[in-house]
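For reference, the structure is listed below as structure tokens.
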Amino acid sequence: MTMEYATRTIYSEYAALKTTLGIIEVKKKRARDPLTDQSDRLLIVIEAKPEPFWTVKHYQVGQEKIVLHVVSDSMMDRWIVLNENRRAIHWIEDGIVLFERNEYILELRQRNRNLTNREQRLQLSISFAKLLRRFEDGRYLFLEGEFQDAFTQIHHALTHLARLSILEAGIHPEIVLWEQVRAIDLEIYKLHEELVGGQESLEQRIHLVVIGMEHLIQSKVLPGTLLLLQTMQEKDGAWTFPELMEHPNLNELRVDLGSIIGFLVKKGYVRTVTRPTKGVGVEAVLYEIA
């Protein structure tokens, strides 16, 4: 039995289903290739389903391992728009099309390369929110003298800063992230080099990188918060925090929304207003564009 025939027996049942939109194959390029889940080849079946769905199956053919991903089109959309699965970008762009219905894979590739303005703003906002959370946690731990834990948080923050810079350039972040960054934003790349390979003590390295990141974060405020600021301009007057949390534009930012709002208030982009409540001496806090 040839490998191609064996592979066909695995995906043929899906190709026969009317709900199957496309099937992609990705072959291993190197030993322990992360793009193929360290298998010899990967099969990705995309099905038309309204709810996000994803399951994985493992097969063995002789000495070769095959991994099958069955994923809904709605889940694939999340992977692309929210950048939740960077490997999926490579699967779509570099995979071999084994089956597609009504040019679905072609359209998926075009969509991957041409995100809408709102989708781009959402990606930038998510990266900025994660950057802010990690940086604030890392700086707090550094000030508390917890240098090992501070290093971990600041390294994560620096990674999100790098991803934000790449997204701002209109490019998808790749698994080999720092090679991309070196070509796009040398200042961020040098901060990473200082953090992981500098000759100073751990405390000094973190301190230097924190100072450098504070300046760079300030330069990313507008692209990183544009979606939120534009949403707040949709109505006159101030917003309660629950109103912002429940707005569909900001659904993916809910976890870090408090951190972003607090940062924007501190930097003067947003101001707080208060309203009396039924509680004596208790006022509700609302937010509006400064």
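The values are calculated or read from the model by the stated rules, or taken from the named source; none is laboratory data. Computed from a predicted structure; not experimentally measured. Cβ sites come from the backbone with ideal geometry, for glycine too, and all protein chains shown count toward neighbours. Protein only, heavy atoms only, side chains kept; ligands, DNA and RNA dropped before computing areas. Shrake-Rupley method; radii C 1.70, N 1.55, O 1.52, S 1.80 Å.
Side notes on the structure shown:
- Value of relative contact order over the chain, rounded to a whole percent, pairs C-alpha under 8 Å and six or more apart: 13 percent
- Gap separating the Cα centres of region 76-142 and region 228-281, nearest whole Å: 26 Å
- Within the accessible area of the chain (1.4 Å probe), percent carbon and sulfur: 50 percent
- Under the span-like rule (Cα at least 20 Å along the axis, Kyte-Doolittle mean at least -1.0), DSSP H helices of the chain: 117-143, 147-168, 202-219
- Accessible area expressed per residue, region 3-113, with surrounding protein chains retained (probe 1.4 Å, Å²): 51 Å²
- Amide H contacts under 5 Å for Lys65, placed H, 5+ residues apart: Asp40, Arg41
- Stokes-Einstein D (µm²/s) once Rh is taken as the Kirkwood radius of region 79-206 over alpha-carbon pairs, at 20 °C in 1.002 mPa s: 132 µm²/s
- Residues whose amide H comes within less than 5 Å of that of Phe99, counting only those at least five positions distant or on another chain, are Ile23 (H built at 1.01 Å from N in the peptide plane).
- Computed over Cα pairs, the Kirkwood radius of region 9-160 leads via Stokes-Einstein (0.890 mPa s, 25 °C) to a diffusion coefficient of 140 µm² per second.
- Mean ellipticity per residue at 222 nm, deg cm²/dmol - from DSSP H runs of n ≥ 4 across the chain, formula -39500 (n - 2.57): -17000 deg cm²/dmol
- A straight chain from Thr272 to Ala290 at 0.36 nm per residue would run longer than the Cα-Cα distance by 5.6 nm.
- When only Cα pairs below 8 angstrom with a gap of at least 6 residues are kept, region 117-289 shows a relative contact order of 23 percent.
- Applying 1/(1 + (r/R0)^6) with r as the Cβ-Cβ distance of Lys18 and Val176 and R0 = 51 angstrom yields a FRET efficiency of 0.85.
- Kirkwood Rh, Cα atoms: Rg over Rh of region 171-231: 1.06
- Largest-first principal axis extents of the Cα set of region 117-289 (Å): 58, 39, 22
- Anchor Lys130: lysines whose Cα lies under 30 Å away (excluding residues fewer than 8 positions away in-chain): Lys49, Lys190, Lys220, Lys235, Lys266, Lys267
- Region 211-290: Cα Rg divided by the 2.2 N^0.38 Å rule of thumb: 1.18
- For Rg and Dmax of the Cα atoms in Å, calculated from these coordinates, the label among (1) 20.8, 64; (2) 18.4, 56; (3) 22.9, 80: (3)
- For Asn102 and Thr55, a Förster radius of 25 Å and the Cβ-Cβ distance give a FRET efficiency of 0.55, rounded to the nearest 0.05.
- Probe 1.4 Å, protein heavy atoms only - accessible area per residue of region 117-289 in square angstrom: 52 Å²
- Cut-off 11 Å (backbone N to label point 7 Å along Cα→Cβ of Gln38), residues of region 65-104: none
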